[in-house]
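J.: Let me give you the structure first, and then I'll get to my questions.
The values are calculated or read from the model by the stated rules, or taken from the named source; none is laboratory data. None of the values given here were measured: they were computed from a predicted structure. Reconstructed Cβ throughout: ideal geometry from the backbone, glycine too, with neighbour counts over all protein chains shown.
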Amino acid sequence: MSFNLLDEPWLSVQVTDPGADTGHTGPGGTVEVGVRELLLHAERYRDLVVDIPTQKPAIFRQVLLPILVDALGYPADAADGLALLRAGSLDAGQRQRLSDYLAEHRARFDLFDPSDPFGQVAGLRTAKGETKGAALVVATAATGNNVPLFASRTEGDPLELTPAQAARWLLHAHCWDTAAIKTGAVGDPRVKAGKTTGNPTGPLGQLGVVMPLGPTLFETLVLNIPVGRTSLSDDLPQWRRRDTSGRIEDTLSCALPAWQERASRGPLDLWTWQSRRIRLIPEDTPAGVRVTRVVVSAGDRLTVTPDHEPHTAWKLPPAAKRPKTGAAAKRPAAAALPYRHQTGTAGWRGLKAFLAVEREQRDARGDRPGFRTSMLLDQLAGIRDRLPADYPLRVELTGIAYGNQSAVVEDLYADAIPLPLVALDPEGELRTSLLVAAEQAEQLATALNHLSGDLMRAAGGDPIPWDKGQRPGETLLYALDAPARLLLLELRAGPADFEATERALEQWERHAAGHAWKVAEQVLATTAPGVFSGRRVIKDKTEHIYRLATAEQSFRARLATVLPRAAATRRAARAAAVPTPEHPRSEG
């Protein structure tokens, strides 16, 4: 029984030219390929098609990127990376080197090899020889305490995975598996009472993944490779760390049940991190080979997310003044932490972190944190002026929110936003405009929440707590998602045209004002009769008057301050006696 990932079709990809003779049979111009075909001819394909979005970074990190880098090396500098990006495909020499590499290591990519299966430990077993259902490696399937909301399958329903599905979920488990107790494996010296405790989530579960995407899979691969790195002798992908003898501290082997807690040696080690020891158990069924049972136990643990992690933005600790003497002065300074995506929040609302392209941001001051963008976006910023200004860059964001001590998957985060290259210029006006637009959305949401709160006070109640219920500001932010993405697309298409940029920003403000008024009218329409006369409240010896007229006037003033272009357009339209399309109310 064999299934070699280099040759067998297990990756679904979109072809760049659906009309070309690629032999695709899937909908929308998709084709199933193996790793060899994908890497040698990545320019033929647009993007991966995956079961869930979090599989994509797992496949890139666990297989595609480390093969390419281990075979061809890192680009020497930004110029070399740019040349590779402009080439659009591998040249004949690079293809030959990659082919030789794949031939040399082909045996290590067999998913069901009896002595050395890919990404697994041969013969991994528990003391009682127990196995569990294949659902254990499927994040969206119900198993144990992990019962996803609205799951259509229960733990009692057997799950049969095709070899292709099993391969994808194997990689996903190494990157995103839940934390807490894991089954103890024979040969693991740290097992106690048949189990291991204190297991963290997979390494990607510790951060919010940020992946730059190009128009083809080849360009996406190049955009995700760090430049200017020196290859270290012990920074190896997992398929080159499969020793079954010697000290694990020396070999860094992941082919044995034993595991380590250690730092990453470099990107290749980090990308192919084996956070679990796993064995897939295939069997012949009437439908073909299927994986129905698995063994999953503890794997290697990262001591810290390293600074060479390329797929995350960073949150910098506040730059508070440190005492010059005493015990506090001797404590190490707080380290930067990976920036986590917030579920339910659109990616464009996090532009402040993604556009923080200077490696040492100075925004962290006092009690306010700062941000630093991902290594990959930062290096892209360095070559932005040597690429077409309208280069179709997208940034894909993925993450998982865990619950109950990180032992269950609570929610998935997935978003993709178009990003103008010129926005990566730290001194550029377009970057400032985008950050202002994102901040405008947040300020409008706050203005609506204040309007709702003032009306509730006028009626004799209290505002909706920030962590309870559905506040009108959240309704607005949801409504602004489409206009915000339209703004990003328009600015990416014509970043060098100042007049087009101003028109796009003015259109954004008009859309934002219109949506804000729609939500505000819903709030005003549900007010109680008593809010017209209002209520007097004395707080801290100061009298406050809350009534409908005051609340609406305050909202109008905030709207005009937050959206100056829209306010100017309304004033001009009013002066010309032309009704504005966004809202029938006058400027007051």
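J.: Can you tell me how many residues in the stretch 234-267 are more than 23 Å from residue 280 (Cα to Cα), in contact with a Gly (Cβ under 9 Å, 6 or more places away or on another chain) and buried (at least 17 other Cβ atoms within 10 Å of the Cβ)?
T.: Total satisfying the criteria: 2.
J.: Among all residue pairs at least 6 apart or on different chains, which show Cβ distances below 6 Å where the first residue, located in the stretch 112-124, is more than 13 Å from residue 241 (Cα to Cα) and the second is of a type in the set (Lys, Arg)?
T.: Every condition considered, the pairs that remain are 124/277; 124/279.
J.: Considering the stretch 84-132 alone, what residues qualify as being within 29 Å of residue 292 (Cα to Cα) and loosely packed, with under 12 Cβ neighbours inside 10 Å?
T.: 114, 115, 127, 128, 129, 130, listed by residue number.
J.: Inspect the stretch 161-177 for any residue being crowded, with 19+ Cβ neighbours inside 10 Å, touching a residue at least 60 places away in the same chain (Cβ under 8 Å), part of a loop (DSSP other than H, G, I, E, B) and touching a Cys at 6+ places or on another chain (Cβ under 9 Å) and give the result as yes or no.
T.: Checked against the condition, which is being crowded, with 19+ Cβ neighbours inside 10 Å, touching a residue at least 60 places away in the same chain (Cβ under 8 Å), part of a loop (DSSP other than H, G, I, E, B) and touching a Cys at 6+ places or on another chain (Cβ under 9 Å), the stretch 161-177 yields no hits at all.
J.: Of the numbered conditions (1) outside any loop (DSSP other than H, G, I, E, B); (2) without any contact (Cβ under 8 Å) to a residue 12 or more places away in the chain; (3) within 17 Å of residue 70 (Cβ to Cβ), residue 239 satisfies every one except a single condition; which is it?
T.: (2)
J.: When you scan the stretch 415-425, how many residues do you find that are out of contact with any Gly (no Cβ under 6 Å at 6 or more places or on another chain) and buried (at least 17 other Cβ atoms within 10 Å of the Cβ)?
T.: Residues that pass the stated criteria total 7.
J.: Shifting gears a bit: If you take the residues of the stretch 180-216 that are β-branched (Val, Ile, Thr) and part of a loop (DSSP other than H, G, I, E, B), which of them is farthest from residue 276 (Cα to Cα)?
T.: 216
J.: Going by the conditions given, is residue 101 out of contact with any Gly (no Cβ under 6 Å at 6 or more places or on another chain) and in a loop (DSSP other than H, G, I, E, B)?
T.: no
J.: Another one. Please tell me if residue 65 is over 24 Å from residue 388 (Cβ atoms) and in contact (Cβ under 8 Å) with a residue 24 or more places away in the chain.
T.: yes
Yes/no matrix, rows are residues, columns are (1) within 19 Å of residue 308 (Cα to Cα); (2) in a helix (DSSP H, G or I):
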{"position": "218", "(1), (2)": "no, yes"}
{"position": "221", "(1), (2)": "yes, yes"}
{"position": "227", "(1), (2)": "yes, no"}
{"position": "233", "(1), (2)": "yes, no"}
{"position": "244", "(1), (2)": "no, no"}
{"position": "250", "(1), (2)": "no, yes"}
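J.: Then there is this: Among the residues of the stretch 394-412, which ones are touching a helix residue (DSSP H, G or I) at 6+ places or on another chain (Cβ under 9 Å), at pLDDT below 95 and not β-branched (Val, Ile, Thr)?
T.: Selection gives 402, 406.
J.: In the set 325, 373, 345, which member is more than 24 Å from residue 304 (Cβ to Cβ), modelled with pLDDT of 85 or more and among the hydroxyl-bearing types (Ser, Thr, Tyr)?
T.: Just one listed residue meets the conditions, 345.
J.: Determine whether residue 253 is at pLDDT 95 or above and out of contact with any strand residue (DSSP E or B) (no Cβ under 9 Å at 6 or more places or on another chain).
T.: Criteria met by residue 253.
J.: Can you tell me which residues in the stretch 259-293 are closer than 25 Å to residue 309 by Cβ and among the aliphatic types (A, V, I, L, M)?
T.: Result: 263, 268, 270, 278.
J.: What residue, among those in the stretch 457-497 that are assigned to a loop (DSSP other than H, G, I, E, B) and among the charged types (D, E, K, R), is modelled with the highest pLDDT?
T.: 471
J.: Condition check: outside any helix (DSSP H, G or I), of a type in the set (A, V, I, L, M, F, W, C) and loosely packed, with under 15 Cβ neighbours inside 10 Å. Does residue 500 satisfy that?
T.: The answer is no for residue 500.
J.: Kindly list, by first and then second residue, each pair from a residue in the stretch 426-441 that is closer than 22 Å to residue 516 by Cα and surrounded by 15 or more Cβ atoms within 10 Å (Cβ to Cβ) to a residue that is modelled with pLDDT under 90 and charged (D, E, K, R), limited to pairs with Cβ atoms under 8 Å and residues at least 6 apart or on different chains.
T.: Here the result reads 435/352; 438/352, each pair linking the stretch 426-441 to a residue that is modelled with pLDDT under 90 and charged (D, E, K, R).
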